[in-house]
Amino acid sequence: MISLLETAAATAAEHTEEAAAAAGHGAEQSSGMPQLDFSTFPNQIFWLIVTLAVLYWVLSRIALPRIAAVLSDRQGAVTGDLMAAEEFKQKAKEAEAAYDKALADARTEAHKIVEANRAEIQKELDAAIAHADSEIAARTAESEKRIREIRESAATDAREVARDVTAELVRSFGGNVDQAAVDSAVESRLKGALQ
Amino acid sequence: MASDAHGEETGLSFHPMDQFLVKPLFGTGEVHWYTPTNVTLWLFIVAAAIIALLVAGTRGRAIVPSRVQSVAELAYGMTYKMVEDVTGKDGLKYFPYIMTLFMFIVFSNMLGLLPKAFTVTSHIAVTGVLALAVFVSVTVLGFVKNGTHFLGLFWVTSAPLVLRPILAVIEVISYFVRPVSHSIRLAGNMMAGHAVMKVFAGFAAIAVISPVSILAVTAMYGLEVLVAFIQAYVFTILTCVYLKDALHPQH
């Protein structure tokens, strides 16, 4: 590379002289390094400085402040959004807690209502059972009373029939009917049979 | 050049340096300092492209950026971070200048890779001015900010006293070599890459070699895209390093 530069530098001097003439025919000029053609330096340097000045002006006045503003805006927006998100998260947590509490309250309330209803129903049920029991008892007593009446009437009838039959039997055998004797005889015979 | 001699023997014609010729845009006259040339044209194209990206691209000022705006923001963010990381907070005052340099070089390098394009950064006149501007402004800034303390940059206090004068000489030489290496690194990389591609492309005239030649050109092109960006980055980061030396001359 260095030797290349040296050869090129050596040819550069003659190159410079013929630069004006050679500008038209590039093929001839290709034997040297255009980089070392010093006749073009003022031109390159002038236009480079113009370009750099324009670029520096545009960048420092317009482009870079704008990009900086955009970046800081974004940073601000992101930070703001993160804070808002944190706030919303807190709110959501609170809402969840409130919801849980409401749910628990509702559950206990429901439980209470169920208990109250159950107690009421139990009470009604107990009353109904007691009522039914008393009715059953009353009916049973009535039935027993009637059965007893029927039984007693049956016993009286049986005694009556026995007396009549006995009196008739005695009469038909030609005996004299002594009502008292018949009664006592029937009574003694019926004792045990009608119990 | 050797390639030319070789070219004449085989019937191939190599003109790898023709692409760097400075020609007037209109007519064939002499190149005066004010003549609009192909250099002028491409400098303007570079400036227009940069303005299109950084000004027109950010016209929307959108919180959610468009594609062009995100590219502009990426370029801004990358350069801003570079300046901040290397020079510290007090170097951010000079960020617009460094951003201008970086955008100019990266756009020149990239646009220069287009077919038929002229690469302004392949010229030592251009890179020399860029490097000299950095050198002069950094040196002036160093003396303005630190006065004579800026000379402490050359007086290595951490070295033994005996070695300090010798080191001072070396430091001074290396300081003055900076603009040379700074400019030749960029121009040399650009010129070499483009010339090599041109030479490879010249071989495509031979039918048997042409597939290899085209593959080689393709590979070189990929490499050159990388080089174009890396050289712009290197130039900029070195500028930041020099600026840091001017702001904080203590080693």
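The values are calculated or read from the model by the stated rules, or taken from the named source; none is laboratory data. As the structure is a computational prediction, the values presented were derived from the model and not from experiment. Methodologically, a virtual Cβ is constructed for each residue, glycine included, from the backbone with ideal geometry; neighbour enumeration extends over all protein chains shown.
Residue by residue through segment B:25-42, note down the ones that are without any contact (Cβ under 8 Å) to a residue 12 or more places away in the chain and more than 9 Å from chain A (Cβ to nearest Cβ).
Within segment B:25-42, B:Phe26, B:Gly27 qualify.
Output the number of residues of segment B:87-112 satisfying the condition of being more than 12 Å from chain A (Cβ to nearest Cβ) and over 16 Å from B:Ser137 (Cβ atoms).
Of the residues in segment B:87-112, 7 are more than 12 Å from chain A (Cβ to nearest Cβ) and over 16 Å from B:Ser137 (Cβ atoms).
Identify the single condition in (1) within 30 Å of B:Ser158 (Cβ to Cβ); (2) out of contact with any helix residue (DSSP H, G or I) (no Cβ under 8 Å at 6 or more places or on another chain) that B:Pro211 does not satisfy, given that it satisfies every other one.
(1)
Six or more apart or on different chains, Cβ under 8 Å: which pairs go from a residue in segment B:181-205 that's among the hydroxyl-bearing types (Ser, Thr, Tyr) to one that's part of a helix (DSSP H, G or I)? Could you list them?
Cβ pairs passing all conditions: B:Ser183/B:Ile124; B:Ser183/B:Thr127; B:Ser183/B:Gly128; B:Ser183/B:Leu130; B:Ser183/B:Ala131; B:Ser183/B:Leu132.
Identify the single condition in (1) surrounded by 19 or more Cβ atoms within 10 Å (Cβ to Cβ); (2) more than 11 Å from every other protein chain (Cβ to nearest Cβ); (3) in contact with a His (Cβ under 9 Å, 6 or more places away or on another chain) that B:Thr157 does not satisfy, given that it satisfies every other one.
Exception for B:Thr157: condition (1).
Give segment B:181-193 a look and list any residue that's farther than 17 Å from B:Leu132 by Cβ and surrounded by 19 or more Cβ atoms within 10 Å (Cβ to Cβ), or say none.
Hits for segment B:181-193 are B:Asn189, B:Met190, B:Met191, B:Gly193.
Checking A:Pro65 against (1) surrounded by fewer than 17 Cβ atoms within 10 Å (Cβ to Cβ); (2) modelled with pLDDT of 90 or more; (3) within 8 Å of chain B (Cβ to nearest Cβ), which single condition isn't satisfied?
That leaves (3) as the condition not met.
Does at least one position in segment B:90-110 carry a residue that is under 30 Å from B:Lys198 (Cβ atoms), hydrophobic (A, V, I, L, M, F, W, C), in a loop (DSSP other than H, G, I, E, B) and touching a helix residue (DSSP H, G or I) at 6+ places or on another chain (Cβ under 7 Å)?
no
Residue pairs, Cβ under 8 Å, 6 or more apart or interchain, first in segment B:43-69 and within 18 Å of A:Arg61 (Cβ to Cβ) and within 7 Å of chain A (Cβ to nearest Cβ), second in a helix (DSSP H, G or I) and of a type in the set (Gly, Ala, Ser). List them.
B:Ile51/A:Ala63; B:Leu54/A:Ala63; B:Leu54/B:Ala72; B:Leu54/B:Ala75; B:Val55/A:Ala63; B:Thr58/A:Ala63; B:Thr58/B:Ala72; B:Arg61/A:Ala69
Take the residues in segment B:194-208 that are more than 13 Å from chain A (Cβ to nearest Cβ) and surrounded by 14 or more Cβ atoms within 10 Å (Cβ to Cβ), then tell me which one is farthest from B:Phe235 (Cα to Cα).
Checking each candidate, the answer is B:Ala205.
I'm told B:Thr87 meets every condition in (1) surrounded by 18 or more Cβ atoms within 10 Å (Cβ to Cβ); (2) under 19 Å from the mean Cα position of the chain (by Cα) except one. Can you identify the failing condition by its number?
(2)
Do you know which of the residues in segment B:120-150 that are surrounded by fewer than 17 Cβ atoms within 10 Å (Cβ to Cβ) and either closer than 30 Å to B:Met191 by Cβ or free of Cβ contacts under 8 Å to residues at least 60 places away in the same chain (or both) is nearest to the other protein chains (Cβ to nearest Cβ)?
The extreme case among them is B:Leu132.
Checking B:Val225 against (1) touching a residue at least 40 places away in the same chain (Cβ under 8 Å); (2) under 14 Å from the mean Cα position of the chain (by Cα); (3) surrounded by 18 or more Cβ atoms within 10 Å (Cβ to Cβ); (4) over 30 Å from B:Gln250 (Cα atoms), which test does it fail?
The single condition B:Val225 does not satisfy is (3).
I'd like to know if segment B:160-180 contains one or more residues that are under 18 Å from B:Tyr233 (Cα atoms), within 14 Å of chain A (Cβ to nearest Cβ) and surrounded by 17 or more Cβ atoms within 10 Å (Cβ to Cβ).
No, every residue in segment B:160-180 fails to be under 18 Å from B:Tyr233 (Cα atoms), within 14 Å of chain A (Cβ to nearest Cβ) and surrounded by 17 or more Cβ atoms within 10 Å (Cβ to Cβ).
For segment B:153-165, indicate whether the set of residues that are over 26 Å from B:Gly91 (Cβ atoms) and part of a helix (DSSP H, G or I) is non-empty.
So far as segment B:153-165 goes, yes, one or more of its residues are over 26 Å from B:Gly91 (Cβ atoms) and part of a helix (DSSP H, G or I).
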